[in-house]
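Colleague: Got a structure for you, questions after.
The numbers here are math on the coordinates, done by the rules we state, and not lab data. For clarity, every value in this text was computed on a predicted model and none was experimentally measured. For neighbour counting, all protein chains shown are included, and Cβ atoms are generated from backbone atoms with ideal geometry for every residue, glycine included.
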Amino acid sequence: MTTTDDTPADPALSSLRRARDRFFSGRPPGDGIPEDLAQAWRRARFFGVPRDLAAPPRVRPPVDSPLLAAARPVLDRVAPALSGAMGLVLVDSRCRALWSGGGRYTGTPTPAPAPDGMAGLDLSEKAVGHNSAALALRTGRRAEVHGPEHFLDLWQEVSAVSVPLYEPTAGRPAGTVTVVVPLDEDRTAHPGAALAEATAYAIETELRGRARPPERVLLDAYLRQRAEGAAVVALDGSSRLVSPEAARLLSHETLTRLERHATALLRDADTGPATGPEEHAPEEIPVPDGEIPVPDGAGRTVRMTRLVHGGEAIGAMATVCTAARRARSAERRGHDRLPGLVGTSRPWRLTVSRATELARAVQPLLLIGEPGVGKTALARALLGLRDAAAPRVVDAAEQVPGEVPRWCHALAEPPEPAGGGGAPPLLLRHAERLGQSDVAALLSLLEERPAAPLVATHTPGAPTGPCLSRLLDILAARSVTLPPLRERVEDIPALLAGLTRRPSPGRPPLTWSLDARRALEQHTWPGNVAELAHVVREVAERRRATGPVRREELPYGLRVPPATRRLSGIERAERTAILEALRRHGDNKVRAAESLGIGRATLYRKLRAYGMDQA
């Protein structure tokens, strides 16, 4: 994906507004304005972009966009979570808007239309001047553009962040994910940056899933090393993928030399059959004398690794080796892991890293996420960092009268002198279920003691009253959103190992076949990690066979592969209802049909129609 370098926040917005006014009055914008911004304004004027453009011009949208096809499942999941005036826009490599959703700040002066209402808007520099989507496509990095940095008057009160999306096989941006919010005069970090990064990562995962197998294997290896912060180059003998870090460290001559070296490696490779534990698992083979000195830095070398897939060499990975890089990687691995938590995927690591950073200060913290994503487990791990007393856990879903106000009163007391301790921290679960009196107690607590040791969890979806909305707005300043399991499926193998109970004496540990793991990775997991834990327990209790768990031993809804054709909304709802009925009744089709109010023959017909009859 992209680097997470933030756009510098200087100069101040007031200075930018004055510079913009000078520019449009025909005077130089001034010395305090970044030269690249002044150049962007000059380009827009050269292109003849009118500053008072009422709306971006429209161009013919692509009839069949592979990017949009891959992005739609992700966008359909993200759109309901957009709050307030936050807007989300998907842009292709030609800066054409393919999809939009959310608030009014998505490119038009009126409230945004329904998703796809912006399809075909031209957001290129030649059409609308300086903007974050065009900047991210040009630089290949995350870009933020705030208020007066925009060329158009239309966007003076909005702030946008864009994250480029990379094509799986070409290494060039295929488009961007852009999040737009009302302008904040403080110009702190863009509040939609994490959402844009997570959405872009999920879309790139979908794009990878549609790539041809050898390309996907090479790309996965490349992205895995990029996620760890490595400066890496992937080569297949005819093309190369160069990470931004490697592009900064290696010259064009060195990249050309590496390409020739990789071509020779692949031509002369005598790999033999693949020996990995899985039929399609890539085997990474270090190349003899693979440490190649390069002239681009003192003591800098490149380590070459050949990738073997299906018994054939499919490419090579070149990783830049520096002492500083190894030290940073070791430090980051130490910071990103908390006891009791499992996962190494990029969305999960970013979440844990952000939560750990916030938890180091004894202040309220809000953990947001779908049911079952692990909010309570993360909260307990974070509270363990503070080396404080065990937290008092209050579950608002249990609605114990007077419980929250009583503990709020204890937390409101000032800490005792050093060594005397104080009230244990409060872990409040299901903040969305709080009653009116509980909300009032918490608001009073935060007014008296803004740094109260409180960690709350919140599951969006239920309507919130004005008081609860105010409480959530206060806590949102220090909040972290946990990714759903469907956006971190690469963590499933590790989660399976962590969720499997220790076997009884004489029984082998529970293992999973490749086919079963693939079935688990294809599932949408509406119940997230909690649902996965339930599946593991159910399989462990029911199975009598030995050896790895096979696909046919999974619950019916997990054995069913994804639909082989595009389903309408009604068809998707009906398919989901059938799967849920079969799950509830232990795959008994007679009882499932009765619960759905249909005949058994009708159920079998629908199973065939949706490709579910082979499970």
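Colleague: How do 434-441, 590-597, 147-154 rank on mean C-beta neighbours within 10 Å, highest first?
Modeller: Going by the mean number of other Cβ atoms within 10 Å, highest first, we get 147-154, 434-441, 590-597.
Colleague: Go through 541-547, 465-471 and give me the packing order, highest mean Cβ count within 10 Å leading.
Modeller: Per-residue mean Cβ counts within 10 Å order the peptides as 465-471, 541-547.
Colleague: For a quick check: with amide H placed at 1.01 Å from N, whose amide H comes under 5 Å from Trp99's, ignoring anything fewer than 5 positions away on the same chain?
Modeller: Leu90
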